[in-house]
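The values are calculated or read from the model by the stated rules, or taken from the named source; none is laboratory data. None of the values given here were measured: they were computed from a predicted structure. Glycine also receives a Cβ, built like all others from the backbone with ideal geometry; neighbour counts cover every protein chain displayed.
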Amino acid sequence: MFQFFPQIQYSLISGQTLAFTDIFRSVKVVFSNLEQLATTTNIAGERADQISSRLYGSGRYYWTLFFTNNIKNPLKEWGQSEEAYTKKIEAEYDGFSYQLANTSIYLPNEGSPGLPAVELSRYEGTDLNGITVGDLIIVETGNGSYSLRCLGAGVILGTDSCASPHYGQSIIPEDLDTQNNIKQISCGSYFSSALDQSGTIYAWGQQIGLDESPFGFNPQSSKGLYKSKTAGYTFINASGNRIIAILTSDGGLTCFGNCSDFNQTYGGETGFIKTYWTSGISGGLGIKENGTVVNYGLNGPSVALYDADCGFDYCVGIQLANYGLTGWGGQSSSAYLTNYPSGITGFTGIAAGYEHNLAVRSNGEIYAFGISAEGRTIVPSGSYKKVSAGKYHSAAIDSNDELVIWGKITKSDNNCFFVGTPELVTPKSISGTYDLLNSGLEHLLLKSSGTVKKYIGIINSVDNLFKKINAKPYQYPDVNPILVDNPDIDPSGTVVSIWRYNQNTGQYEEVKTIQHKLLTIQKYLDSVLYVQIAGNILDPSVNNNWLNTYIPNYQNADDEEGYITLRKQLMDQNVYNRSQTKYLSLNGAQNLESIVNTLVNDQTISSITSTEL
């Protein structure tokens, strides 16, 4: 087409003269009978020059198809193969959408007493305020700064005793900044604790009187964290509403919290490497390096133990001699020993819940015994390494270092004023790999394992209506970030951090941490732009649309007629596969060529009208 355009002569400094095509000439063609033009059905992905060759026997009239089909930018508007078009839009709209939702299955019902309404609200409970364009969004995996994970009750913080079992025990305090150095975790009934490599103890969740220990813990921080004043401990056991710790200095025992069954004279014994106590505040035991056991308040075994754990009012242990099991205590009956695996040896790990127990052997087999209600002793098939038990739930780390959980977790006690019965839910696992786990009555604390990977995006928009954060990729160790795109996965345990550059310090600083809210990470192209029901765009904040309509179908958005993604919107424009193309007759194409040639070369002619196109 440019062969019709006039040449312009340019003189160079060297004296040489060069001719250039004057591409700034423009021609406007107006068709009065565009709808009457003939049409041809395209072959998928057929180029304009190929259509010209098919229609006219030559590719030279390809440009006439741009005029007849009102195409101003052929690179963007002319049909491409679906594959080429897909690559084009994926490059153009490179980025990820982080869908956030306050939809944890462990949240009690709306209107539950003692719990802030805004924290229970599935829509308002997702707070994206204060996040701005240019901030960094980070999702981290592995044993790094956010290696601790929680699930179960306590994903919100109750305001009084009616909030049970929600005391914030599953909310990791933002100022717990040594997570990658944690070497042990231990959960009480409704609180969590951890011990780092330096010997410092951290705790959060239900108030257990740590502020009342003048020589033990600093006052609770504004983020809800208790931290021991000294780094002088080698082992901790949280049970009930107290922490028993072993002193680094001599291996003696000390207690913080409700220590009514802990006689201070117990501190006379030293040399302990492990200690376990009942959640019912009825005693415990200490184990020395050679397996010697010292019993406190319970009529325990005289044999050496490899390891042990305690339930409500009893303890179970692994014998050092043959790695078989033993159990003792229990005020009412021996129900906690129901289906006890007598005569079986080779156990390497033991966990006592409220009234049931799990023991794992060196071959990866788990034996579950005790009271079996709510499916807590029905072990899923698999090979396992570590175990943990709560009131009605059981958990294990399998041979792939992944979490497996079964049984039930209480999301609401409903016991204020003795009204109603507890509401139980079937727990859902959280993705990742782990090397430590421990259970409270209704929650689970884990520590992530593996190489640290940080998936970092630069935020380019925040959608407060649909509760999404959109970000351009900045640093991704893998092709795609970790995807939480399975409808069976609960957002509990997820952590998203927001960082902002401080001009004064020259550093990025964390400005917000969002826990238990990350539902999915999807390519921006595949995230929902809006939801359309019967032709009307849905407002998620109205009439519970968020919980009942938007979120339940989010992961299936691309398959639903009313869930409009950017990819669907772009594909529906049908530009990648233009099925019908309008064209001129060969005589019309030749006449148009002559008209364009005249107009671009004769500036005195402003328009030409032709009836022969």
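Just so you know, in the stretch 52-80 the residues that are among the aliphatic types (A, V, I, L, M) and farther than 12 Å from LEU584 by Cβ include one that is modelled with the lowest pLDDT, and it is LEU75. Scanning the stretch 243-269 for residues that are of a type in the set (S, T, N, Q) and within 15 Å of GLY284 (Cα to Cα), we see that the one that is nearest to the chain's Cα centre (by Cα) is ASN258. For the stretch 498-548, a residue qualifies if it is in a helix (DSSP H, G or I) and in contact (Cβ under 8 Å) with a residue 24 or more places away in the chain, and the qualifying residues are TYR524, LEU525, ASP526, TRP546, LEU547. Within the stretch 82-103, being within 30 Å of LYS512 (Cα to Cα) and of a type in the set (Phe, Trp, Tyr) holds for TYR93, PHE96, TYR98.
Here PHE217 fulfils each of the conditions (1) modelled with pLDDT of 95 or more; (2) under 34 Å from the mean Cα position of the chain (by Cα); (3) of a type in the set (Phe, Trp, Tyr) apart from (1).
When you check LEU115 against the structure, is it touching a residue at least 24 places away in the same chain (Cβ under 8 Å) and in contact with a Ser or Thr (Cβ under 6 Å, 6 or more places away or on another chain), yes or no? Against the criterion (touching a residue at least 24 places away in the same chain (Cβ under 8 Å) and in contact with a Ser or Thr (Cβ under 6 Å, 6 or more places away or on another chain)), LEU115 does not qualify.
Determine which member of the set SER388, SER439 is crowded, with 23+ Cβ neighbours inside 10 Å, hydroxyl-bearing (Ser, Thr, Tyr), over 19 Å from VAL139 (Cα atoms) and in contact with a Cys (Cβ under 7 Å, 6 or more places away or on another chain). Answer to the selection: SER439. Looking at GLY224, GLY240, just one residue is crowded, with 23+ Cβ neighbours inside 10 Å, within 31 Å of the chain's Cα centre (by Cα) and at positive phi, and that residue is GLY240. Of all residues in the stretch 429-450, those that are of a type in the set (S, T, N, Q), in contact with a Leu (Cβ under 7 Å, 6 or more places away or on another chain) and at pLDDT 95 or above total 1. Inside the stretch 174-204, can you point out the residues that are under 23 Å from GLU355 (Cα atoms) and either touching a Ser or Thr at 6+ places or on another chain (Cβ under 9 Å) or assigned to a helix (DSSP H, G or I) (or both)? ILE185, SER186, CYS187, GLY188, SER189, TYR190, SER192, SER193 - these are the residues of the stretch 174-204 that are under 23 Å from GLU355 (Cα atoms) and either touching a Ser or Thr at 6+ places or on another chain (Cβ under 9 Å) or assigned to a helix (DSSP H, G or I) (or both). Checking the stated criteria, TYR354 turns out not to satisfy the condition of being without any contact (Cβ under 8 Å) to a residue 40 or more places away in the chain, under 23 Å from GLY300 (Cβ atoms) and surrounded by 18 or more Cβ atoms within 10 Å (Cβ to Cβ). Checked against (1) over 44 Å from the mean Cα position of the chain (by Cα); (2) crowded, with 16+ Cβ neighbours inside 10 Å; (3) at positive phi, ILE51 passes all but condition (3).
A single member of LYS447, LYS454 is surrounded by fewer than 22 Cβ atoms within 10 Å (Cβ to Cβ), closer than 27 Å to GLN206 by Cα and out of contact with any His (no Cβ under 9 Å at 6 or more places or on another chain), and it is LYS447. Taken over the stretch 368-409, the criterion of being modelled with pLDDT of 95 or more, closer than 20 Å to LEU441 by Cα and among the hydroxyl-bearing types (Ser, Thr, Tyr) is satisfied by THR377, SER388, TYR392, SER394. Counting only strands (runs of 3 or more DSSP E) wholly contained in the stretch 92-166, the ones carrying 1 or more residues that are of a type in the set (Ser, Thr, Tyr) and either under 24 Å from PRO427 (Cβ atoms) or modelled with pLDDT of 90 or more (or both) occupy 96-100, 136-141. The combined condition, being over 37 Å from the mean Cα position of the chain (by Cα), at pLDDT 90 or above and of a type outside the set (D, E, K, R), is not fulfilled by LEU298. Here LEU519, LEU441 are screened, and the one residue that is of a type in the set (A, V, I, L, M, F, W, C) and within 30 Å of TYR354 (Cβ to Cβ) is LEU441.
Within the stretch 583-606, restricting attention to residues that are modelled with pLDDT under 90 and in contact with a helix residue (DSSP H, G or I) (Cβ under 8 Å, 6 or more places away or on another chain), the residue that is surrounded by the most Cβ atoms within 10 Å (Cβ to Cβ) is LEU592. The residues on offer are THR103, THR141, THR68, and the sole one that is touching a residue at least 40 places away in the same chain (Cβ under 8 Å) and more than 30 Å from HIS443 (Cβ to Cβ) is THR68.
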